[in-house]
Amino acid sequence: MTPQNVSAIEMGGRTGFTCVRHSLCVLNTFMWIVGCSMLGAGIWLRLAYGGYASLLHQYSVISADSLCLAAGIITFVLAFCGCCGAWFQSRCMLITYFILVVLVFTLQLVAGTLAFAFRGEVSATLIKELQDGIRRSFNETSDNAVAITWNHLQSQFHCCGVEGPNDWFKIAAWPQEDWVPHACCYSKFTSDQDCGRTNEPDHWYQVGCYVQVKMWFIERLHVVGVIGMVLAFVQLFGMIASLLLFCTLGYKRRSHTYKSYHSDT
């Protein structure tokens with residue numbers, strides 16, 4: 001093999017290594033920004049609303065602010081390891097990034113599989129917990145997170161309760177009354193501030209919010225699918241790229257004649 005051919009091969013290897021390395025850096029920089037945004041959103045929800053969207057009485061850990069905080073921290077750590085590992089050519093950080101991405105991908109796959117396999121039980125448990133949250137935690141004070149969330153949900157989706165208006169009857173906020181929140185009223189009756197307390201069901205939405213939200217997601221299932229495919233591609237690319245860089249760096253350290261060993265590549 002001529003020196004020109006050897007040089008061309010080395011240049012091609014160096015170009016491929018640099019391309020993968022820079023691509024991983026750019027991807028993880030973007031993911032780092034996303035992680036910081038999610039972390040900021042979680043902190044804002046926690047401070048501003050004190051547990052906004054804690055609709056499940058026994059599972060407050062999966063409230064909106066907690067989920068944002070958890071997702072933000074995980075994304076931040078993953079992106080930090082991936083970006084720094086690729087930029088500084090650190091085998092330790094690259095293999096850490098690879099292992100963490102594999103773990104996250106596996107957990108997502110297992111959680112999705114279990115949720116699909118036991119969707120009936122999950123649905124029944126979710127309905128029961130939402131109803132318990134209404135009965136125990138709802139009150140009409142201005143700073144009640146459950147009330148803020150349910151009022152917003154019912155106004156936006158034109159629904160009432162989890163499965164219907166009966167979910168609001170004789171709750172802890174009005175233990176002797178068959179009332180509903182004002183947000184359950186049809187728009188033409190909202191001018192009456194006592195609409196929810198008139199015991200006139202014809203003035204209230206009759207469809208439960210669980211069905212309405214479920215239909216909303218089904219109608220946008222293609223969007224959910226696209227987002228899932230994008231996340232899967234990002235994770236798979238991260239795994240493959242980090243493993244390629246890890247192996248290439250190992251080879252470069254064993255073969256000092258390989259020119260892309262220098263830090264400027």
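The values are calculated or read from the model by the stated rules, or taken from the named source; none is laboratory data. Computed from a predicted model, the values in this text were never measured in an experiment. Cβ placement follows ideal geometry from the backbone for every residue including glycine, while neighbour counts extend to all protein chains displayed. To get the accessible areas, we keep the full protein, side chains included, count just its heavy atoms, and leave off ligands, DNA and RNA. Shrake-Rupley method; radii C 1.70, N 1.55, O 1.52, S 1.80 Å.
Hey, can you tell me all the residues within the stretch 79-95 that are over 22 Å from the mean Cα position of the chain (by Cα), surrounded by 14 or more Cβ atoms within 10 Å (Cβ to Cβ) and in a helix (DSSP H, G or I)?
Hits for the stretch 79-95 are C84, G85, A86, W87, R91, M93, L94, I95.
Within the stretch 108-141, the residues that satisfy the criterion of being loosely packed, with under 13 Cβ neighbours inside 10 Å and more than 30 Å from V180 (Cα to Cα) are L109, V110, A111, G112, T113, L114, A115, F116, A117, F118. The C-beta contact set for the stretch 90-106 (first residue free of Cβ contacts under 8 Å to residues at least 24 places away in the same chain, second residue hydroxyl-bearing (S, T, Y) and open to solvent by less than 50 Å² (accessible area, probe 1.4 Å), distance under 6 angstrom, 6+ apart or interchain) is empty.
Table: residues versus (1) assigned to a helix (DSSP H, G or I); (2) under 30 Å from S90 (Cβ atoms).
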{"position": "E163", "(1), (2)": "no, no"}
{"position": "E177", "(1), (2)": "no, no"}
{"position": "N199", "(1), (2)": "no, no"}
{"position": "H222", "(1), (2)": "yes, no"}
{"position": "V226", "(1), (2)": "yes, no"}
{"position": "V234", "(1), (2)": "yes, yes"}
{"position": "K252", "(1), (2)": "yes, yes"}
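If you go through the stretch 210-244 and keep only what is farther than 22 Å from V34 by Cβ and either in contact with a Phe, Trp or Tyr (Cβ under 7 Å, 6 or more places away or on another chain) or touching a residue at least 24 places away in the same chain (Cβ under 8 Å) (or both), you end up with Y210, V211, Q212, V213, W216, L243, L244. If you go through the stretch 207-231 and pick out every residue that is exposed (fewer than 14 other Cβ atoms within 10 Å of the Cβ) and out of contact with any Ser or Thr (no Cβ under 9 Å at 6 or more places or on another chain), you end up with 17.
Can we say I62 is under 17 Å from the mean Cα position of the chain (by Cα), at pLDDT below 90 and open to solvent by 80 Å² or more (accessible area, probe 1.4 Å)? The answer is yes for I62. The set of residues from the stretch 126-141 being over 15 Å from K214 (Cα atoms) and outside any loop (DSSP other than H, G, I, E, B) comprises K128, E129, Q131, D132, G133, I134, R135, R136, S137.
State which residue is modelled with the highest pLDDT when the search covers only the stretch 142-152 and only residues that are open to solvent by less than 40 Å² (accessible area, probe 1.4 Å) and assigned to a helix (DSSP H, G or I). Taking the candidates together, the pick is W150.
I want to confirm something. Restricting to the stretch 162-202 and keeping residues that are at pLDDT below 90 and of a type in the set (S, T, N, Q), which single residue is surrounded by the fewest Cβ atoms within 10 Å (Cβ to Cβ)? It comes out as Q176. Scan the stretch 201-212 for residues that are among the hydroxyl-bearing types (S, T, Y) and either farther than 18 Å from Q156 by Cα or in a loop (DSSP other than H, G, I, E, B) (or both) and the total you get is 1.
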